[in-house]
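Chemist: First the structure, which I've put down as structure tokens, then a few questions once you've had a look.
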Amino acid sequence: MYIHKELDNNYKYIEIKNEEAEAKIALQGGHIFHYKATNKKPLLWLSDTAIFRKGKAIRGGVPICFPWFGPHISDETLPQHGFARTALWELVEVKEETEKLTEVELKLESNDEYLKVWAYKFDVRLKISIGKELTLSLQIKNCDIKPFTFTTALHSYFNVSNISDVVISGLNGAEFEDSLTNEVLLQEGDLIIDQEVDRVYFGASSTIKVEDAERSFLLRQKGSNSLVAWNPWIEKAKALSDMPDEGYQTMLCLETGNVRKDERTLQPDEVHSLEMVVR
Ligand code: TA6
């Protein structure tokens, strides 16, 4: 079953529950901010001080970065990570496929407001499957008469028992750009996080395994050759007003993307599909 919910400030989201899982998806940003398989802990991290308000991205869950990831390439007055994560998406349908699987489709289309900051017509669909696995599939279509190039990411915040216990495998040998130092390096072995990390990996395995002291999960990716790993660590967490000071200890961002040199170009009518599956 699913229900439409609304906060006092008109912030709308839908709540989904089936035999395998439960989830919450905000229409602003097409943003899933809760997913929990039955009898398991919540998979997605959500800040205790997250803000649910028009124009503000939720700190947690899976923000959708589009049509650019990170700061805008030439205009720093434009919103970090693009406008899609704070835009109001339209709910296309909720399909209760079986008692164990619910599929939600949302869409975002170009309009006069977006055309002012990004001069291309697009149609973006986000399909979220809620079941034993969580699947997010982002389909980006060029509806313009000229090609466009974009960057994008499923900026996923995962819950971990304690960041110090986390081992991330599947990155061994992959090149990464360290956003903190601008160095380009090669990953040796598993990724362990014991300080601030903000990296873009290229050519990692399409299946990443995350293990902590209490559980492990697999992240499978399609249509992506770049993966962002981010943990703000102590000082940056303190500086983020919508994250508790100790919030960095229980979160890990691993973001399936098309980021930096993995940017994609679409010809008119072409579609690119970016997908992540977690179980
Ligand atoms: O994906 C990593 C990153 O781009 C970091 O550089 C970090 O700033 C983070 O995203 C959060 O960005 P936000 O705009 O949500 O504060």
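Quick note: the coordinates plus some simple rules give every number you see, no bench work behind them. Because the structure is a prediction, the values reported are computed rather than measured. Using ideal geometry, Cβ is built from the backbone for each residue, glycine included, and neighbour counts are taken over all protein chains shown.
Chemist: How large is the convex hull of the Cα atoms of the chain per residue, expressed in Å³ as a whole number?
Modeler: Dividing the Cα hull volume of the chain by its residues yields 127 Å³.
Chemist: Would you kindly derive the ³J(HN,Hα) couplings of the range 267-273 from the backbone phi angles with the Karplus curve 6.51 cos²θ - 1.76 cosθ + 1.60 (θ = phi - 60°), listing them in order in whole Hz, with x for Gly and Pro?
Modeler: Once θ is set to phi - 60°, the couplings for the range 267-273 become 7, x, 6, 6, 10, 10, 10 Hz.
Chemist: Could you let me know the centre-to-centre spacing of the range 166-190 and the range 58-72, using Cα atoms, in angstrom?
Modeler: 21 Å
Chemist: Relative contact order of the range 2-278: what whole-number percent is it, with Cα pairs under 8 angstrom and at least 6 residues apart?
Modeler: Reported as a whole number, the value is 17 percent.
Chemist: Could you grab the relative contact order for the range 1-139? Cα pairs under 8 Å, six or more apart, rounded to a whole percent.
Modeler: Reported as a whole number, the value is 19 percent.
Chemist: If packing is taken as the average number of other Cβ atoms within 10 Å across a peptide's residues, how do 61-69, 146-154, 107-115 rank, most packed first?
Modeler: By packing density, highest mean first, the sequence is 61-69, 146-154, 107-115.
Chemist: Just to confirm my numbers, what's the Cα centroid distance between the range 100-128 and the range 201-248 in Å?
Modeler: Using only Cα atoms to place each centre, the spacing works out to 25 Å.
Chemist: Something else about it: Using Cβ contacts closer than 10 Å as the measure, can you line up Tyr157, Tyr11 from fewest to most?
Modeler: Arranged by neighbour count, lowest to highest, Tyr157, Tyr11 become Tyr11, Tyr157.
Chemist: Please list 3J(HN,Hα) in residue order for the range 91-106, calculated via the Karplus relation 6.51 cos²θ - 1.76 cosθ + 1.60 where θ = phi - 60°; whole Hz, with x for glycine and proline.
Modeler: Taking θ as phi minus 60°, the curve returns 7, 7, 6, 10, 10, 8, 4, 9, 6, 10, 9, 10, 10, 10, 10, 10 Hz for the range 91-106.
Chemist: Looking at the range 1-62, which GluC sites (Glu not before Pro) are in a loop (DSSP not H, G, I, E or B) and have at most 13 other Cβ atoms within 10 Å?
Modeler: Sparse-neighbourhood loop GluC sites (Glu not before Pro): Glu19.
Chemist: Using DSSP to call loops (not H, G, I, E or B), can you name the GluC sites (Glu not before Pro) in the range 189-231 whose Cβ has at most 11 other Cβ atoms within 10 angstrom?
Modeler: In loop regions of the range 189-231 (DSSP not H, G, I, E or B), the sparsely surrounded GluC sites (Glu not before Pro) are Glu214.
Chemist: Right, another one. Just flag the GluC sites (Glu not before Pro) in the range 57-96 sitting in loop per DSSP whose Cβ has no more than 12 other Cβ atoms within 10 Å.
Modeler: For GluC sites (Glu not before Pro) across the range 57-96 that sit outside H, G, I, E and B with at most 12 neighbouring Cβ atoms in 10 Å, the list reads Glu76.
Chemist: Would you calculate, for the chain, the mean residue ellipticity at 222 nm contributed by helices, counting each DSSP H stretch of 4 or more residues as -39,500 (n - 2.57) and dividing by all residues, to the nearest 500?
Modeler: -1000 deg cm²/dmol
Chemist: Moving on. Only Cα pairs under 8 Å and at least 6 apart count here; give the relative contact order of the range 80-154 as a rounded whole percent.
Modeler: Across the range 80-154, relative contact order equals 23 percent.
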